[in-house]
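Colleague: One structure, as structure tokens, below. Some questions next.
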Amino acid sequence: VEAQALPVVTQAIATRAVQDTLELDGNTTAVQQANLVARVAGNLERIHFKDGDKVRSGQLLFTIEQEPYIQQVKLNKARVDQARSDYTRQVQLLKENATAQSSVESSLSNLEQAQANLRLAEINLGYTTIKAPFDGVISRRMVDTGNYVGASAGGTTLATLMQVSPIYVYASVGEREAL
């Protein structure tokens, strides 16, 4: 049996950078995520985005009917004005020695309660608009316009907002690759 010559490949030796690569399976997670919840009860009047939109911090996303809350603010403003007038009158009467100190204190308490109720009404009116707390991507809406929201104790989740820039990436690396 005669041996056959095998072809030999030759290559010139050259210096160059070699980049190591590593392919991993992993998961991504938003840096921030918020469930947008209706904090006051009412009909959902407007949705100001399309499902999956990128939204900016402060952007208006939902509007819940505002009229009952506007009227509550007006009612409480009138109560503050009335309580302030009563308090002023009681202070003047005390100076004239025509009323008791307890009446002045009672009218002051009524004024402070009216002011607190006005502030609560203003806060609730503010909750009728839901704005994006940070830049991100909004999920699909969980509720359509016309639905009654916010009646449950925890509120009604309207959508979820996720910050996707930057983003967390989680991957498992074996011991050999880590070294």
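Colleague: Among Thr28, Ser139, Ser85, which residue has its Cα positioned farthest towards the positive end of the charge dipole of the chain, with +1 placed on the Cβ of Lys and Arg, -1 on the Cβ of Asp and Glu, and the dipole taken about the Cα centre?
Modeller: Sorting the options by dipole projection puts first Ser85.
Colleague: I've got another one for you. How far apart, in nm, are the 7 Å Cα→Cβ label points at Ala98 and Gln82?
Modeller: My value for the distance between the label points is 2.2 nm.
Colleague: Defining a contact as two alpha carbons under 8 Å apart and six or more residues distant in sequence, what relative contact order in percent does the chain show?
Modeller: That works out to 42 percent.
Colleague: Placing +1 at every Lys and Arg Cβ and -1 at every Asp and Glu Cβ, with all other atoms neutral, what dipole size does the stretch 85-179 have around its Cα centre, in debye to the nearest 20? Don't skip to the end; give the middle numbers.
Modeller: On the way: 7 positive and 9 negative charges, 41 e Å.
Dipole size: approximately 200 debye.
Colleague: What's the angle, to the nearest 10 degrees (0 to 90), between helix 67-95's Cα axis and the longest principal axis of the chain?
Modeller: Once rounded, the angle reads 40 degrees.
Colleague: Mind listing which GluC sites (Glu not before Pro) in the stretch 49-130 are in a DSSP loop and have 14 or fewer other Cβ atoms within 10 Å?
Modeller: When the GluC sites (Glu not before Pro) of the stretch 49-130 are filtered for loop state and at most 14 Cβ neighbours within 10 Å, Glu96 remain.
Colleague: Which FRET efficiency value, to the nearest 0.05, is calculated for Gln32 and Gln113 with the Förster distance at 41 angstrom and r the Cβ-Cβ distance?
Modeller: Numbers: r = 38 Å, r/R0 = 0.93.
FRET efficiency, Gln32 to Gln113: 0.60.
Colleague: Show the residues, 5+ positions off or on another chain, whose built amide H is closer than 5 Å to the amide H of Phe62.
Modeller: For Phe62, whose amide H was placed from the backbone, the distant partners under 5 Å are His48, Ile130.
Colleague: Per residue, how large is the accessible surface of the chain? Use a 1.4 angstrom probe and give square angstrom.
Modeller: Working: 13140 Å² over 179 residues.
Ligands and nucleic acids excluded, the result is 73 Å² per residue.
Colleague: OK, next. Rg over Rh of the chain, using C-alpha atoms and the Kirkwood radius, what does it come to? Walk me through the intermediate numbers first.
Modeller: Details: Rg = 33.4 Å, Rh = 22.6 Å.
When Rh is taken as the Kirkwood radius, the ratio is 1.48.
Colleague: Any idea how far the Cα center of the stretch 16-90 sits from the one of the stretch 91-139, in Å?
Modeller: Computed from Cα coordinates, the inter-centre distance equals 23 Å.
Colleague: Springs between alpha-carbon pairs under 10 angstrom, Gaussian network model over the chain: which of Arg56, Arg84, Arg16 fluctuates most?
Modeller: Arg16
Colleague: Next question. Give the lysines whose C-alpha is closer than 26 Å to that of Lys50, dropping any in the same chain fewer than 8 places away, or say none.
Modeller: Lys131
Colleague: All other residues with a Cβ under 13 Å from the Cβ of Gly146 taken together, and with Lys, Arg as +1 and Asp, Glu as -1, what is their net charge? Write down the numbers at each step before the final one.
Modeller: Working: positive: Arg46, Arg141; negative: Glu45, Glu65, Asp144.
Around Gly146, the surrounding residues sum to -1.
Colleague: Would you mind calculating the relative contact order of the stretch 1-96 from Cα pairs under 8 angstrom and at least 6 residues apart, reporting the percent as a whole number?
Modeller: Values: 23 pairs, mean separation 17.8, N = 96.
Reported relative contact order: 19 percent.
Colleague: May I pose another question? For the stretch 72-159, which whole percent of the accessible surface, found with a 1.4 angstrom probe, sits on carbon and sulfur atoms? Spell out each step's value before the answer.
Modeller: Values: 2570 of 5360 Å².
Using a 1.4 Å probe with all protein chains present, the stretch 72-159 comes out at 48 percent carbon and sulfur.
Colleague: Can I ask one more? Measuring from the lowest to the highest alpha carbon on each principal axis, how far does the stretch 28-91 reach, largest first, in angstroms?
Modeller: Extents along the principal axes: 65, 26, 18 Å.
The values are calculated or read from the model by the stated rules, or taken from the named source; none is laboratory data. This one's a predicted model, so the numbers in the text were calculated from it and none came from an experiment. Positions of Cβ are generated from backbone atoms using ideal geometry, with glycine treated the same way; all protein chains shown enter the neighbour counts. The accessibility values were calculated without ligands, DNA or RNA, using every heavy atom of the protein model including side chains. Shrake-Rupley method; radii C 1.70, N 1.55, O 1.52, S 1.80 Å.
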